[in-house]
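Bear in mind that the values in this text are calculations on the coordinates, not laboratory data. Small disclaimer: the values here were computed from a predicted structure and weren't measured. Cβ: placed from backbone, ideal geometry, glycine included. Neighbour counts: every protein chain shown.
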There are 2 protein chains.
Amino acid sequence: MSKLSGFPELLPAERNVELYVLDHLRRVFELHGFANVETRAVEPLETLLSKGEIDKEVYTLRRLQATDEESDAGDTLALHYDLTVPIARYVVENANALEFPFRRYQIQKVWRGERPQQGRFREFTQADIDIVGRDTLPFHADVEIAQVMGEALAGLPVPHLTLQISNRKVLEGFYLGLGVADPVAVMRIVDKLDKVPADAVKKMLTDAGLSDDQAHACLALADIRATDTSFVEQVRALGVTHDVLETGLDELASVVGACRPVDGVTVTADLRIARGLDYYTGTVFETRMAGYESLGSICSGGRYDQLAADNRNTYPGTGISLGISRLLVPLLADGLTSDRSVPSAVLIALVDEESRATSTDVAQRLRARGIPTEVAHKAAKFGQQIKQAERRGIPYVWFPPAAGTDGQHSVRDIRSGEQRDADPDSWLPPTTDLTPQIKEPTS
Amino acid sequence: MSKLSGFPELLPAERNVELYVLDHLRRVFELHGFANVETRAVEPLETLLSKGEIDKEVYTLRRLQATDEESDAGDTLALHYDLTVPIARYVVENANALEFPFRRYQIQKVWRGERPQQGRFREFTQADIDIVGRDTLPFHADVEIAQVMGEALAGLPVPHLTLQISNRKVLEGFYLGLGVADPVAVMRIVDKLDKVPADAVKKMLTDAGLSDDQAHACLALADIRATDTSFVEQVRALGVTHDVLETGLDELASVVGACRPVDGVTVTADLRIARGLDYYTGTVFETRMAGYESLGSICSGGRYDQLAADNRNTYPGTGISLGISRLLVPLLADGLTSDRSVPSAVLIALVDEESRATSTDVAQRLRARGIPTEVAHKAAKFGQQIKQAERRGIPYVWFPPAAGTDGQHSVRDIRSGEQRDADPDSWLPPTTDLTPQIKEPTS
């Protein structure tokens, strides 16, 4: 049996890193009052294709025992490729039972039907936060999304992150102010600056009908970035004016100005960010990780005023999506891991098979006080039992007294070798030993 | 858009119940040192079919853009229908990197390609614990699985549960001692006692070649149940002897005798349980929920000595699987829910839009001390803001002083109406108000 390319699986010590990340994200999102939702893994293929900005790289499903009529029925199901289309559907379907603005987080796997040879993920985990309004959604929701995700990113065991924020109204207004006829086309071209040299982008702009001066101004705008609201003056210095541009500058300054400084994350206004292929209408987000720029953006999103609609209402939304697998799998491959392959902080040694009940009883007394504990699986020599703990990364081995003796319990920190008498009803390890600890790669 | 039958989705207040259950299970499993693993959602169709005891009700996958060669390649992927086949594959694939006995828990969705009209779940969540050895697995692993799952079931917000334990060696040995030629066939017939009257089962047994006395003895064995080891004497009283029967009685007595009494769960030896269609080789488990017997077993498993194998080793295993959706969805439909649709314990009122920064600042000070908090989305009249909290089930509304005044902060418990001055850097609600609380159905 061989591993399936594009379907990453983690070993237990690596999974502990992912659990740490998932727990941290959940804690931050819930502290901010975001409710958790899970949606089913499948959507009707039609729904996915009608929203599609993903080149239809989806997996369709078929019951192995499907009848011919079923297969022809045209109600094919497919695995979701993001969590945005599903939440839009969920909101419309449950609108009467939800409170708006509806603030939710969602952490689930998604699937993309990539070609096998491309070596890209075909199954991966995403964490999304969104705020969805009914008919209206105040702008401060954009500010909140940036603040909450900024705070969430700050606690991750990863290299330095840069949360880049832009606003399509700034770009669109600027292009309109320049007298450009099709601002969306220009946005799509400027969006290529990540992959294509500036000269080539400039040529694409003039090929699209822009004058040399217009193309030059577009590139000058894309060059502006600032970690505070000083970008507003830099834009104004380019001498272009338009109402939409002014609205965009106000909005972007509000978002950037409101982000609290957090360790490990730089928040920056970056006017190169356009997300040209998506349906955003205002604020847009991307995120780069230092040393892993080739991954592209690992956390992206923005405002869409037409997230969903039913016969009576529209549901404007704003949100951001963190690619957990995209972020973690390369870091794990580079050596990020945890200090153990089990949750256990303590291994209870086994004197002999007859005294297993004694060891199990000690284990229960430790567990009752919140200490993850396992019992040695066989009564090998103590040296071997200590090695068993070592191989699993368990920091403590507990030695009960031999059956029938009135000896003392003792516990050994196998990292230092220090061994002390201990009471199973009161001994506690340091808090940091209670849960697996993240180990940064030693580079 | 209409809901898809067989793909249950929960509202946020219901999802809080599921999160409570998932958190509880994780806590118990980790206290016992079980490591968490997630496997990919897909397996090669061949792997699933070769293990198949599920009438091939699987969903196969196809890339929408698949080329003809790809479709013909015979390496079709399908969604897993349980977590046992995947963990067997994972263990073999990662055997060199795992420590044995390998103790893991796994909580994931699984899918079954049921016919749409059957109204059965097509997507559901399971929680599995298994212990897998390399070449050998001591019997006490069976005892541990029963103890851990018994403890996990005890903390669930559900009606009384009965964990029924049997052992196929008891049944097989008894049938062999009776002189029955094909004990497995008899096991499969006796397994129907749940759905078919005893008389009809007896007739099936005599039709299968058993004498009247033999059939009578088989039914007498199936009638034996006891919450302690007294079942051993009841079996012996039937006057059948066989070595395999003796081994089975010893094993079953060890498991039942070792299960600690826990609230809300009765552990019972029940010799009607055979799990005739599965590949178990010793201990077997099933679980019934009071008032919901028609669901069948909501938590099942057992020992299989041939879980997996590679060229060099066999991997015997023992485990049990809890059907979380199977358990919860009917209870939620009957009114089990939580007291709120958001994690927030506090809603910070908004005096006016200009003082949003003040309210956000108070919220951050509460969050810094672990209190989930949200800020009112608009500066409506306070009465309306209180109603907004009420509709979400948020127990407290916090009123900051009006901007520019040196008034006091105050907080109101909206359930009692009691309002008091409070300090954003020290006020704490009772612990039970910090997280959503389960609400039993009022029947």
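Given +1 at the Cβ of Lys and Arg, -1 at the Cβ of Asp and Glu and no other charges, the dipole of the range B:346-436 around its Cα centre is 380 debye to the nearest 20. Comment: the Cα-to-Cβ extended label point of B:S211, at 7 Å, lies 11.0 nm from its counterparts in the other copies, nearest first.
Put a dot 7 Å past the Cα of A:R391, heading toward its Cβ, do the same for B:D75, and the two dots end up 3.2 nm apart.
Rounded to the nearest 10 degrees, the inclination of helix B:324-333 to the longest alpha-carbon principal axis of chain B is 50 degrees. Each residue of the range B:353-369 was assigned a 3J(HN,Hα) from its phi angle through the Karplus expression (A = 6.51, B = -1.76, C = 1.60, θ = phi - 60°), giving 4, 5, 9, 4, 4, 4, 5, 4, 5, 4, 4, 5, 5, 5, 4, 4, 9 Hz with x at Gly and Pro. Each Lys and Arg Cβ is given +1 and each Asp and Glu Cβ -1; about its Cα centre, the protein assembly as shown then shows a dipole of about 260 debye. At full extension, B:Q384 and B:F139 could sit 82.0 nm farther apart than now, given 0.36 nm per residue minus the alpha carbon distance. Inverting the pair-averaged 1/r between distinct Cα atoms of the range A:346-439 gives 13.3 Å as its Kirkwood hydrodynamic radius. From the label point of A:S50, set 7 Å from Cα along Cα→Cβ, how far away are the matching label points in the other copies, in nm, ordered shortest to longest? Distances to the matching label points in the other copies: 4.3 nm. As a length-normalised measure over Cα pairs under 8 Å and 6 or more apart, the relative contact order of the range A:346-439 settles at 28 percent. Listed by Cβ neighbour count within 10 Å, with the fewest neighbours leading, A:T373, B:T229 appear as B:T229, A:T373.
Available extension along the chain between A:E46 and A:D413 is 126.2 nm, counting 0.36 nm per residue and deducting the alpha carbon span. Relative to the Cα centre, the charge distribution of chain B, modelled as +1 at Lys and Arg Cβ and -1 at Asp and Glu Cβ, gives a dipole magnitude of about 1040 debye.
Amide H contacts of A:N167: A:V284, each under 5 Å away and 5 or more positions distant or on a separate chain (H built 1.01 Å from N in the peptide plane; Pro and chain starts excluded).
Counting neighbouring Cβ atoms within 10 Å and putting the fewest first, the residues A:W427, A:W398 line up as A:W427, A:W398.
Plainly put, the tip 7 Å out from Cα toward Cβ on B:S294 is 6.0 nm from that tip on each other copy, the closest given first. Go ahead and estimate [θ] at 222 nm for the protein assembly as shown from helices alone: -39,500 (n - 2.57) per DSSP H run with n ≥ 4, summed, over the residue count, rounded to 500. So the calculated ellipticity at 222 nm is -10500 deg cm²/dmol. For chain B, the longest principal axis of the alpha carbon atoms and the long axis of helix B:12-31 meet at an angle near 60°. In this calculation the C-beta distance from B:E246 to A:S426 is compared with R0 = 51 Å, giving a FRET efficiency of 0.70. For the range B:168-307, relative contact order (Cα pairs under 8 Å, six or more residues apart, normalised by length) works out to 30 percent.
Answer with one residue from A:V196, A:V170, A:H216: the one whose Cα lies farthest towards the positive end of the charge dipole of the range A:155-248, charges on Cβ with Lys, Arg +1 and Asp, Glu -1. So the residue furthest toward the plus end is A:V196. To check you understand DSSP bridge types, tell me what percent of the beta bridges within the range A:346-439 (both residues inside) are antiparallel, rounded to 5. Bridges in the range A:346-439 are about 55 percent antiparallel.
In this rough spin-label picture, where each label sits 7 Å from Cα along the Cβ direction, the A:I438-B:D334 distance is 4.3 nm. Summing Lys and Arg as +1 and Asp and Glu as -1 over all other residues whose Cβ lies under 14 Å from the Cβ of A:E233 gives a net charge of -1. Of all lysines in the structure, the ones whose alpha carbon falls short of 19 Å from that of A:K202, not counting any fewer than 8 places away in one chain, are A:K192.
In plain terms, the bigger the Kirkwood radius, the slower the diffusion; for chain B, with that radius from Cα pairs, at 4 °C and 1.567 mPa s, Stokes-Einstein puts D at 51 µm²/s.
By the count of neighbouring beta-carbon atoms within 10 Å, fewest first, B:C299, B:C259 end up ordered B:C259, B:C299.
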